[in-house]
Amino acid sequence: MPKPWSPEVAIPIKKARLLIEKQFPQINPIQISHFGEGFDNTVFNVNNQYVFRFPRREIAVSLLKIENHLLPKLIKELNIAIPEPIFFGKPSNEYNWPFTGYQLVHGDSPGLLSDETRDQSAESLAIFFRRLHQFPIEEAKELGVPYDSLERTNIVKRKAMLYEKLNKAVELQLITKEHIVFEWLKALKIKESNTKLTLVHGDCHIRNILVNERGIISGIIDWGDTHLGNPAIDLSIAYSFLSSKGRKNFFNIYGNVSLETRRLAQFFAVYISVVLILYGHDLHDEKLVTSALDSLRVSLN
């Protein structure tokens, strides 16, 4: 059975180079390197100045189009750098889908950082998401942003999925103190909150944030899952990235958040951390597995 991150199209670096050179001769000659892969896109660094994203799955095509319309509107509103789309690749005989080139957002994957270092980003993260969640819903809809179609806040469904993923991680011996997670999940009393829907990033976790040389968040990338949904989905980063002290500072600055929404945010933090543990294992990415395990640790505190 194919995994949810299995590609429908895997574009090699040679083909990506030819497509970029052909459609955007103004940036030739180019130096290109493989930058990474997500569930939906293969990413290349071009001239250490641009990032090009090529869909790996058909579902990503429409998501990429939404980014192209939305991100230019958000850049001026937000306090942390996000990708700016500037090159719009067209489908061709060589590659059937559109692709996008962005101005490079500088920073590195956070990896393992101390709690004190991560907590330095609490204020900027809170301001970022407060501003994002205040973006006008009607304007977002006009830009093509959809409502949640994946039932992210269907807790009955997601809780069952989390049990399944936890059991898989334990079977693979990726999680060794599983009783802590299972006891937390068993005791969890949660339902979908009635929080007002907002524009959300939809996928903010350690794979989609960048930090500077001091370990402070410098960019938030990969907006393919943006939608109109429950802000708890984004607020999960306060649990998966910040310590309890940093989390308190985050919510003080972000503003009033109900207990139900906070519980939902913590649930998403645990859920996403377990998904990333399995994803990293499948990719043979030990650094991602280690970072995701640390996210799981702080999520439960």
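The values are calculated or read from the model by the stated rules, or taken from the named source; none is laboratory data. Because the structure is a prediction, the values reported are computed rather than measured. Positions of Cβ are backbone-derived with ideal geometry, glycine not excepted, and every protein chain shown enters the neighbour counts.
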Just to be sure I understand, how many residues within the stretch 244-257 are buried (at least 20 other Cβ atoms within 10 Å of the Cβ) and of a type in the set (Ser, Thr, Tyr)? 1
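Would you mind stating whether residue 221 is within 27 Å of residue 84 (Cα to Cα) and in contact (Cβ under 8 Å) with a residue 40 or more places away in the chain? Full working, then the answer.
Numbers: within 27 Å of residue 84 (Cα to Cα): yes; in contact (Cβ under 8 Å) with a residue 40 or more places away in the chain: yes.
Judged against the criteria, residue 221 is a match.
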Go through the stretch 141-155 and give me each residue that's touching a residue at least 60 places away in the same chain (Cβ under 8 Å) and within 19 Å of the chain's Cα centre (by Cα). 145, 146, 147, 148, 149, 152, 153
Number of the exception - residue 84 against (1) surrounded by fewer than 18 Cβ atoms within 10 Å (Cβ to Cβ); (2) assigned by TED's automatic domain parsing to the domain that holds residue 253: (2)
Regarding residue 128, is this residue surrounded by 18 or more Cβ atoms within 10 Å (Cβ to Cβ), outside the structural domain of residue 81 (by TED's automatic domain parsing), assigned to a helix (DSSP H, G or I) and not polar (S, T, N, Q)? yes
Taking the stretch 66-81 and the residues there that are more than 15 Å from residue 221 (Cβ to Cβ) and in a loop (DSSP other than H, G, I, E, B), the one that is modelled with the lowest pLDDT would be 76
Quick one: residue 96 ticks every box in (1) surrounded by 14 or more Cβ atoms within 10 Å (Cβ to Cβ); (2) among the polar types (S, T, N, Q); (3) part of a loop (DSSP other than H, G, I, E, B) bar one, so which box is it? (1)
If the Cβ limit is 9 Å and pairs must be 6+ apart or interchain, which residue in the stretch 6-28 that is of a type in the set (Gly, Ala, Ser) and surrounded by 12 or more Cβ atoms within 10 Å (Cβ to Cβ) pairs with which residue that is modelled with pLDDT of 90 or more and in a loop (DSSP other than H, G, I, E, B)? 16/95
Filtering the stretch 256-276 for residues that are modelled with pLDDT of 95 or more and out of contact with any Ser or Thr (no Cβ under 9 Å at 6 or more places or on another chain) leaves a count of 2
Any residue at all in the stretch 30-38 that's closer than 13 Å to residue 223 by Cα and part of a strand (DSSP E or B)? no
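For every residue, the table says whether it meets (1) surrounded by fewer than 18 Cβ atoms within 10 Å (Cβ to Cβ); (2) among the β-branched types (Val, Ile, Thr).
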position: 259; (1), (2): yes, no
position: 272; (1), (2): no, yes
position: 288; (1), (2): no, no
position: 298; (1), (2): no, yes
Hey, could you check the stretch 92-123 for residues that are within 16 Å of residue 206 (Cβ to Cβ) and hydroxyl-bearing (Ser, Thr, Tyr) and say which is modelled with the lowest pLDDT? 109
Within the set of pairs 6 or more residues apart or between chains, which connect a residue that is in contact (Cβ under 8 Å) with a residue 40 or more places away in the chain inside the stretch 111-140 to a residue that is outside any helix (DSSP H, G or I) and of a type in the set (Phe, Trp, Tyr) with Cβ atoms less than 7 Å apart? 118/241
Being under 30 Å from residue 247 (Cβ atoms) and not charged (D, E, K, R) narrows 114, 62 down to just 114
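Here is a yes/no grid of residues against (1) closer than 18 Å to residue 278 by Cβ; (2) exposed (fewer than 14 other Cβ atoms within 10 Å of the Cβ); (3) basic (Lys, Arg):
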residue: 118; (1), (2), (3): no, no, yes
residue: 136; (1), (2), (3): no, yes, no
residue: 158; (1), (2), (3): yes, no, yes
residue: 167; (1), (2), (3): yes, yes, no
residue: 181; (1), (2), (3): yes, no, no
residue: 184; (1), (2), (3): no, no, no
I'd like to check something: does the stretch 159-171 contain any residue that is part of a loop (DSSP other than H, G, I, E, B), free of Cβ contacts under 8 Å to residues at least 40 places away in the same chain, acidic (Asp, Glu) and not assigned by TED's automatic domain parsing to the domain that holds residue 61? no
Unique match (being touching a strand residue (DSSP E or B) at 6+ places or on another chain (Cβ under 8 Å) and among the β-branched types (Val, Ile, Thr)) among 181, 170, 200: 200
